[in-house]
Ligand code: M6R
């Protein structure tokens with residue numbers, strides 16, 4: 001992960017770099033640093049452990065100024081968070097920031113050590129700084145030096161590079177990690193994400209893998225592969241950033257996560273907009289190739305990570321029941337290394353909020369390389385237009401959640417589920433499912449934003465329950481059918497932001513082992529909508545109660561479940577069983593949120609995590 005920013009302008013670029021870092025903190029926040037060319041031949045550098053605010057404090061006491069600079073916020077992969085390991089890394093006149101992983105760094109390090117280079121960090125990145133410095137000595141030109149250096153790198157990287165002798169320019173390189181060029185009035189900028197640069201521009205060039213860019217105050221030249229194994233200047237069309245700037249603040253909310261939980265009714269309405277007809281989904285609105293791809297689909301491989309994976313697990317229930325199409329769901333980090341068998345007619349579906357998750361991207365590439373012929377195509381469901389996943393897929397359905405800042409995914413998840421329900425209904429229409437149920441579900445989808453709004457009204461009740469809950473050390477989440485992945489998502493939310501150990505089980509699995517854990521110190525959270533499995537679930541809840549377990553049940557008002565000694569029941573708005581996974585998600589998000597607040601954790605930026613996992 002990590003976030004990088006670079007700038008070359010007509011004024012001191014330090015404020016732009018620092019603001020960019022703050023906006024990229026979602027990518028990592030264990031240390032941060034900047035390097036500026038203070039005068040020709042003189043590099044100034046500041047690095048600090050902790051968040052960007054700590055770096056700002058350091059710079060307040062020892063300011064730096066310069067017209068060109070690079071900056072970095074880190075999520076440690078090689079070497080613990082420390083000042084020495086923080087970027088930028090410097091070698092001679094060269095300062096480098098890097099996002100990604102250099103897989104052959106040990107080989108390169110041995111080579112450079114043998115030539116006399118001294119290493120001061122445990123990072124993989126430092127080899128890049130020394131390699132560029134060595135090539136700069138040989139070639140005398142920074143762009144040529146970066147080109148020669150990256151030719152030696154294996155792995156993934158986005159780089160920002162400056163040369164102290166050339167205060168008029170910065171160089172960027174992209175291979176497997178995101179990098180955009182911001183076109184400003186007063187300068188040119190590089191960033192891991194347009195978000196970093198919105199205060200200075202809304203015009204961006206999206207670099208492609210293999211691109212190098214040389215930026216000055218007044219322009220930039222992108223050098224891309226031209227087919228004969230050489231780079232040549234290429235045109236990357238500028239694109240305008242169309243969204244509102246999400247960093248305008250948290251508004252009335254204490255945390256971005258809570259704001260994003262509350263945005264879900266509107267986000268889901270946006271995900272539905274323009275895609276529902278009177279009693280069908282509008283397949284053409286999914287994109288030009290949608291009808292053909294979905295029509296030719298005979299089975300689906302659904303691949304994703306984390307929360308997005310849980311959305312895929314829910315969709316399997318929908319796709320198999322409503323469209324009659326076999327669907328297998330797998331975490332991308334496994335799929336990418338497996339000898340996957342894809343029978344002819346397989347649709348590869350990837351799910352990703354960011355569209356930059358390294359494992360998900362690699363799974364897509366792996367599938368194409370292995371069994372290109374068998375796949376009818378690749379469909380991605382994604383929240384970030386222009387992301388790598390979107391660009392590499394045959395068809396993309398955007399979730400329109402709007403930027404999500406909290407590391408814990410909330411509105412991205414429910415909008416993914418919404419998009420997945422639309423795809424399910426599209427498949428149903430094309431594969432002969434009866435129209436009556438389709439029409440009923442289309443009508444219910446229209447009502448979904450209202451239902452989600454009703455679910456949010458449970459906030460105060462859940463906040464009270466969370467006070468009690470925050471004292472526990474372990475939790476079990478139970479669900480059946482399509483609520484099983486929601487139990488998994490609830491457990492992930494809780495552990496991610498409150499650091500309480502939480503596990504999820506299909507309720508029917510309880511007696512096959514986990515029941516041994518149950519006692520008064522082990523609360524069990526269960527999901528009990530009105531569906532054909534409710535009676536089975538009730539039996540499972542009895543098994544817990546009989547062993548003194550403490551139950552918190554989110555239940556349909558008609559479920560017949562009532563509060564009793566050791567059992568708290570929260571009534572969730574009544575809803576149809578197909579949409580219940582979305583509705584029951586919200587109380588679990590709120591529970592995790594309020595428990596985390598009660599435990600005073602860093603809700604928006606939980607320890608050890610980052611929002612966008614662009615390294616393996
Ligand atoms: O951007 P993606 O959806 O591909 O991210 C996948 C996971 O890293 C992500 O969902 C992660 O699990 C969330 N932070 C959990 O809240």
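Here residue 568 does not qualify as within 15 Å of the ligand (Cβ to nearest atom), buried (at least 17 other Cβ atoms within 10 Å of the Cβ) and at pLDDT 95 or above. From the list 486, 497, the lone residue that is outside any loop (DSSP other than H, G, I, E, B), in contact with a strand residue (DSSP E or B) (Cβ under 6 Å, 6 or more places away or on another chain) and in contact (Cβ under 8 Å) with a residue 60 or more places away in the chain is 486.
Conditions tested, residue by residue: (1) in contact (Cβ under 8 Å) with a residue 12 or more places away in the chain; (2) part of a strand (DSSP E or B); (3) buried (at least 24 other Cβ atoms within 10 Å of the Cβ); (4) over 33 Å from the mean Cα position of the chain (by Cα).
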| site | (1), (2), (3), (4) |
| --- | --- |
| 121 | yes, no, no, no |
| 129 | yes, no, yes, no |
| 147 | yes, no, no, no |
| 173 | yes, yes, yes, no |
| 181 | yes, yes, yes, no |
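Quick check on residue 336: is it away from the ligand (no atom under 16 Å from the Cβ) and touching a helix residue (DSSP H, G or I) at 6+ places or on another chain (Cβ under 9 Å)? Answer is no for this residue. Going residue by residue through region 267-277, is there one that turns out to be assigned to a loop (DSSP other than H, G, I, E, B) and either in contact with a strand residue (DSSP E or B) (Cβ under 9 Å, 6 or more places away or on another chain) or over 30 Å from residue 345 (Cα atoms) (or both)? Yes, region 267-277 contains a residue that is assigned to a loop (DSSP other than H, G, I, E, B) and either in contact with a strand residue (DSSP E or B) (Cβ under 9 Å, 6 or more places away or on another chain) or over 30 Å from residue 345 (Cα atoms) (or both). Taking the criterion of being more than 29 Å from the chain's Cα centre (by Cα) and either in a loop (DSSP other than H, G, I, E, B) or touching a residue at least 12 places away in the same chain (Cβ under 8 Å) (or both), the residues of region 457-471 that qualify are 461, 465, 467, 471.
Selection of region 98-119 for residues being over 14 Å from residue 149 (Cα atoms) and touching a residue at least 60 places away in the same chain (Cβ under 8 Å) yields 99, 100, 101. Is region 416-428 home to any residue that is within 16 Å of the ligand (Cβ to nearest atom), at pLDDT 95 or above, under 27 Å from the mean Cα position of the chain (by Cα) and closer than 25 Å to residue 174 by Cβ? No, because not a single residue in region 416-428 is within 16 Å of the ligand (Cβ to nearest atom), at pLDDT 95 or above, under 27 Å from the mean Cα position of the chain (by Cα) and closer than 25 Å to residue 174 by Cβ.
Kindly check whether there is at least one residue in region 407-414 that is within 16 Å of the ligand (Cβ to nearest atom), modelled with pLDDT under 95 and crowded, with 22+ Cβ neighbours inside 10 Å.
Initially, region 407-414 is screened for residues within 16 Å of the ligand (Cβ to nearest atom), giving 407-414.
Next cut, modelled with pLDDT under 95 only: 407.
Filter once more, keeping what is crowded, with 22+ Cβ neighbours inside 10 Å: 407.
There is at least one residue in region 407-414 that is within 16 Å of the ligand (Cβ to nearest atom), modelled with pLDDT under 95 and crowded, with 22+ Cβ neighbours inside 10 Å.
Inside region 524-550, residues that are assigned to a strand (DSSP E or B) and either surrounded by fewer than 21 Cβ atoms within 10 Å (Cβ to Cβ) or over 37 Å from the mean Cα position of the chain (by Cα) (or both) make up a count of 0. Looking for whichever is at pLDDT below 95 and either in contact with a helix residue (DSSP H, G or I) (Cβ under 8 Å, 6 or more places away or on another chain) or within 16 Å of the ligand (Cβ to nearest atom) (or both) here; the options are 518, 465. Which one fits? The match here is 518. Only one entry in 74, 45 is crowded, with 23+ Cβ neighbours inside 10 Å and either closer than 14 Å to residue 2 by Cβ or at pLDDT 95 or above (or both), namely 74. Criterion applied to 445, 397, 452, 476 was being touching a strand residue (DSSP E or B) at 6+ places or on another chain (Cβ under 9 Å), part of a helix (DSSP H, G or I) and buried (at least 22 other Cβ atoms within 10 Å of the Cβ), and the one residue passing it is 445. Regarding residue 589, is this residue within 16 Å of the ligand (Cβ to nearest atom) and not in a loop (DSSP other than H, G, I, E, B)? Taking the combined requirement at face value, the residue satisfies it. Filtered by the rule that a residue be surrounded by 16 or more Cβ atoms within 10 Å (Cβ to Cβ) and without any contact (Cβ under 8 Å) to a residue 24 or more places away in the chain, region 202-225 gives a lone residue, 224. Checking region 287-302 against the condition returns no match, with no residue being within 16 Å of the ligand (Cβ to nearest atom), in a loop (DSSP other than H, G, I, E, B) and closer than 21 Å to residue 486 by Cα.
Of all residues being more than 13 Å from the ligand (Cβ to nearest atom) and surrounded by fewer than 23 Cβ atoms within 10 Å (Cβ to Cβ) in region 592-606, which is nearest to the chain's Cα centre (by Cα)? Just the residue, please.
From region 592-606, those more than 13 Å from the ligand (Cβ to nearest atom) are 594-595, 597-602; that's our starting set.
Filter again for surrounded by fewer than 23 Cβ atoms within 10 Å (Cβ to Cβ), leaving 597-602.
Working: 597: 22, 598: 26, 599: 25, 600: 24, 601: 21, 602: 18 Å.
So the residue we want is 602.
Restricting attention to region 55-67, the residues that are touching a strand residue (DSSP E or B) at 6+ places or on another chain (Cβ under 8 Å) and either surrounded by 15 or more Cβ atoms within 10 Å (Cβ to Cβ) or touching a residue at least 24 places away in the same chain (Cβ under 8 Å) (or both) total 7. Checking 397, 389, 379 one by one, the residue that is at pLDDT 90 or above and within 13 Å of the ligand (Cβ to nearest atom) is 389 and no other. Scanning region 318-328 for residues that are touching a helix residue (DSSP H, G or I) at 6+ places or on another chain (Cβ under 8 Å) and either assigned to a helix (DSSP H, G or I) or within 14 Å of the ligand (Cβ to nearest atom) (or both) gives 318, 319, 322, 323.
The values are calculated or read from the model by the stated rules, or taken from the named source; none is laboratory data. Treat the numbers as computed from the prediction; the structure is a model and nothing was measured. Glycine also receives a Cβ, built like all others from the backbone with ideal geometry; neighbour counts cover every protein chain displayed.
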